[in-house]
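*Asks:* Got a structure for you, written out below as structure tokens; questions coming shortly.
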Amino acid sequence: MRMDTKLLEDLNAQLNREFFASYLYFGMATYFAEINMEGFAKLTKNHAKEELEHAKRIYDYIILRDEKVNLLKIDAPDTNWNNPIDAINAALDHEKFVTDNIHRIYKDSKEKNDYPLEVFMQWFVQEQVEEEHLFQSMLDKMSYIKDCECEIVNIDRELKIENNYVE
Ligand code: FEO
């Protein structure tokens, strides 16, 4: 079943957004490594790998639909964060941006009666709930203790232990 031209264009743009997200989180991992926050660095590097998995999922799906994958230019992320809270805030903002785009593609697939794409996009709709929760809950925790840097160091230590399993 071939896809509507606009839907395909949007799906290729989402593929690019997932690659960009990976690039952004690698940038964040670099930032955290530079300020010696090893736990945050591990979390964001693991997340960068997850984003590549999201991209691969879309890539494979476009091929499965016998359509053309269009690899677009990946922009360099802005990595000038002032502190860890600032960086995690940027992560949450980015996830909200991705959610808006996922919702739009999901809505368009419904309106254009592309049932296979609608079902495919459901995984991403759910995934975005988890992605936003990850960064929102972290931000809530960090905002609460923002006046005491030693607490950020404790969170970093916890993250280092939690994120070791991937490597
Ligand atoms: Fe693939 Fe974090 O959205």
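The values are calculated or read from the model by the stated rules, or taken from the named source; none is laboratory data. The structure displayed is predicted, hence computed values, not measured ones. Ideal geometry is used to build each Cβ from the backbone, glycine not excepted, and the neighbour counts take in all protein chains shown. All accessible areas refer to the heavy atoms of the entire protein, side chains included, with ligands and DNA or RNA removed. Shrake-Rupley method; radii C 1.70, N 1.55, O 1.52, S 1.80 Å.
*Asks:* Hey, does the range 90-99 have a residue that's within 23 Å of MET3 (Cα to Cα), within 16 Å of the ligand (Cβ to nearest atom) and either at pLDDT 95 or above or surrounded by fewer than 18 Cβ atoms within 10 Å (Cβ to Cβ) (or both)?
*Replies:* Yes, because at least one residue in the range 90-99 is within 23 Å of MET3 (Cα to Cα), within 16 Å of the ligand (Cβ to nearest atom) and either at pLDDT 95 or above or surrounded by fewer than 18 Cβ atoms within 10 Å (Cβ to Cβ) (or both).
*Asks:* Condition first: surrounded by 17 or more Cβ atoms within 10 Å (Cβ to Cβ) and within 30 Å of PRO84 (Cβ to Cβ). Now tell me which residues in the range 110-126 satisfy that.
*Replies:* To start, the set of residues in the range 110-126 that are surrounded by 17 or more Cβ atoms within 10 Å (Cβ to Cβ) comprises 114, 117-118, 120-121, 124.
The one that is surrounded by 17 or more Cβ atoms within 10 Å (Cβ to Cβ) and within 30 Å of PRO84 (Cβ to Cβ): PHE124.
*Asks:* Now for a separate question. Do you know which of the residues in the range 40-60 that are open to solvent by 10 Å² or more (accessible area, probe 1.4 Å) and among the charged types (D, E, K, R) is farthest from the ligand (Cβ to nearest atom)?
*Replies:* LYS42
*Asks:* Just to be sure I understand, how many residues within the range 17-39 are of a type outside the set (S, T, N, Q) and open to solvent by 20 Å² or more (accessible area, probe 1.4 Å)? Please lay out each step first, then the result.
*Replies:* First, pick out the residues of the range 17-39 that are of a type outside the set (S, T, N, Q): 17-21, 23-29, 31-35, 37-39.
Right, trim to open to solvent by 20 Å² or more (accessible area, probe 1.4 Å) and you get 17, 19-20, 23, 26, 31, 33-35, 37-38.
Total meeting the criteria: 11.
*Asks:* Name the residues in the range 11-48 that are under 23 Å from TYR106 (Cβ atoms) and among the aliphatic types (A, V, I, L, M), would you?
*Replies:* Correct list: LEU11, ALA13, LEU15, ALA21, LEU24.
*Asks:* Can I ask one more? Restricting attention to the range 61-82, report how many residues are part of a helix (DSSP H, G or I) and either β-branched (Val, Ile, Thr) or open to solvent by less than 80 Å² (accessible area, probe 1.4 Å) (or both). If you could, list the steps in order and put the result at the bottom.
*Replies:* So the first thing to find is which residues in the range 61-82 are part of a helix (DSSP H, G or I), and the list is 61-64.
Now restrict to residues that are either β-branched (Val, Ile, Thr) or open to solvent by less than 80 Å² (accessible area, probe 1.4 Å) (or both): 61-63.
Residues flagged as part of a helix (DSSP H, G or I) and either β-branched (Val, Ile, Thr) or open to solvent by less than 80 Å² (accessible area, probe 1.4 Å) (or both) within the range 61-82 amount to 3.
*Asks:* Are there any pairs with C-beta distances below 7 angstrom linking a residue in the range 98-121 that is in a helix (DSSP H, G or I) to a residue that is within 16 Å of the ligand (Cβ to nearest atom) and among the hydroxyl-bearing types (Ser, Thr, Tyr), with the two at least 6 apart or on different chains, and if so which?
*Replies:* Final answer for the pair search is GLU118/TYR106; PHE120/TYR61; MET121/TYR106.
*Asks:* Right, something else. Among the residues of the range 142-159, is there at least one that is outside any loop (DSSP other than H, G, I, E, B), loosely packed, with under 14 Cβ neighbours inside 10 Å and at pLDDT 95 or above?
*Replies:* Within the range 142-159, none of the residues are outside any loop (DSSP other than H, G, I, E, B), loosely packed, with under 14 Cβ neighbours inside 10 Å and at pLDDT 95 or above.
*Asks:* Residues of the range 1-16 being assigned to a helix (DSSP H, G or I) and surrounded by fewer than 22 Cβ atoms within 10 Å (Cβ to Cβ), which ones? Walk me through it before giving the result.
*Replies:* Filtering the range 1-16 down to residues assigned to a helix (DSSP H, G or I) leaves 5-16.
The answer is THR5, LYS6, LEU7, LEU8, GLU9, ASP10, ASN12, ALA13, GLN14, ASN16.
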